[in-house]
Amino acid sequence: MSPPCIVCGVDEEFFQHLCQSCYLESNPILKEKVDLEIVICLSCGLLAFKGHWSKFFINDLDSPKIFPKITSFIQQEWKFFYRPTKIEIQNMLQEYNENDELESINGNVIISASPDVFVPLITITEDFSVNINWGDCSDCQTRSSGLYTSKIQVRSQKEIDPDVIDQWGDEIEKISKDFPLSDGKNPLFRLIQIKNGLDAMFRSRSAAQSIGRIFARDKGGLLHLTTEFAGFDKSKSKEYPRKQVVLIALPKYQEGDYIVIENQVFRVKGYSNFKIACLDVINNTIRRISVKTFDELDPKPLDRPFEEFQVVHFEKAENLAQIMNLSNFESQYVDSTELASLSEGDTFWGIVYEGRIILRE
């Protein structure tokens, strides 16, 4: 038999000759309990806790998967004399008003705590109430107002065919589907084609950054984040929140262009993972350079047109070939390495550079 409680006489000692009820009177767990409040988006049903939109929707209120979020909310909002070890939802019930609108959520929660490591855990049961308010989440506000929060600006240093710009838009739209908003919808708001570029408006700053990075990576663009002025509210004498701009400066040279770097001729093969692949047309080797380093090397365009030549004669001992320009009939000797598959009298299109022939692909 355990000794009786020294306060009430009940034969169930809990700690320090006190039963649990009497011990709780002098060592209560709960200091202050308040009604909780959440906001539900009237359009998409997204839930907000303490002004922050969550990943839960109104349908999740019927599922136990939201219990950890509610218990965490209780722990943040209620005041305790000592920190609970465990808070567990026992049940939740939705309450509706006469218009069949969700008005509140009521339930019971089990709280386990101990004021000291030497004191056994105390378990109490408390009821709780969550009041429901209705509003618009940021995504739905943006969608209904027609506003955007961020945009990708794609800019090219050279003239671009409008069909290519259309392809860019299709690519951005396709990538955007992998970055849905909280309600599952596409964050892309609008595409605007301009001369040698494209503006893509987004309802999500994080989505615009991620999509911009993917697009820049695949196109060899240099990415820069900045903001733009979004207007001024004269009634409140303050500026509206500035909008994020993801600026993508596309490279001057595109796939197939011939360029000169340190007196070597290269043909741009393509871009991937923020690197450019360049083919050394003389040695037939690939060189991969980061986009930033490539820009610092200051490549120049091989601004010579391809012309038609004819092989006049091979000097095999000296590895030379005599060729004639068929537009002006001038002859010259060049390295014959690139012409090994041709015979005397054959014609070809190419460029003569530093005594070497660059054949047209």
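Listing for the model above:
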item: Cβ-derived FRET efficiency at R0 30 Å, residue 117 paired with residue 50, nearest 0.05; result: 0.45
item: For the chain, Kirkwood radius (reciprocal of mean inverse C-alpha pair distance, Å); result: 27.8 Å
item: Extension reserve of the residue 288-residue 242 stretch, reckoned as 0.36 nm per residue once the Cα distance is removed; result: 12.8 nm
item: Exceeding the 21 Å Cα-Cα cut-off - candidates 195/292; 219/275; 195/252; 174/219; 185/219; 50/79; result: 195/292; 185/219
item: FRET E, pair residue 171, residue 133, Förster distance 56 Å, beta-carbon r, rounded to 0.05; result: 0.85
item: Additional length obtainable on full extension of the chain from residue 101 to residue 333, 0.36 nm per residue less Cα span; result: 74.5 nm
item: Spacing of the two label points (7 Å from each Cα toward its C-beta) at residue 224 and residue 31, in nm; result: 5.2 nm
item: Ordering of 210-217, 179-186 by burial proxy (mean other Cβ atoms within 10 Å per residue, highest first); result: 210-217, 179-186
item: Net charge dipole size for region 1-48 [Lys, Arg +1 and Asp, Glu -1 on Cβ; Debye, nearest 20]; result: 160 debye
item: Pair residue 303, residue 124: separation of 7 Å Cα→Cβ label points (nm); result: 8.4 nm
item: Given charges at beta-carbon only (K, R positive; D, E negative), |dipole| of region 307-359 in Debye; result: 60 debye
item: Two-decimal log10 I(q)/I(0) for region 258-300, as the Debye equation yields it once each C-alpha is a single scatterer, q = 0.22, 0.23 Å⁻¹; result: -0.65, -0.71
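Every number here is computed from the coordinates shown, using simple stated rules; none is lab data. None of the values given here were measured: they were computed from a predicted structure. Note that we place each Cβ from the backbone using ideal geometry, even for glycine, and neighbour counts take in every protein chain shown.
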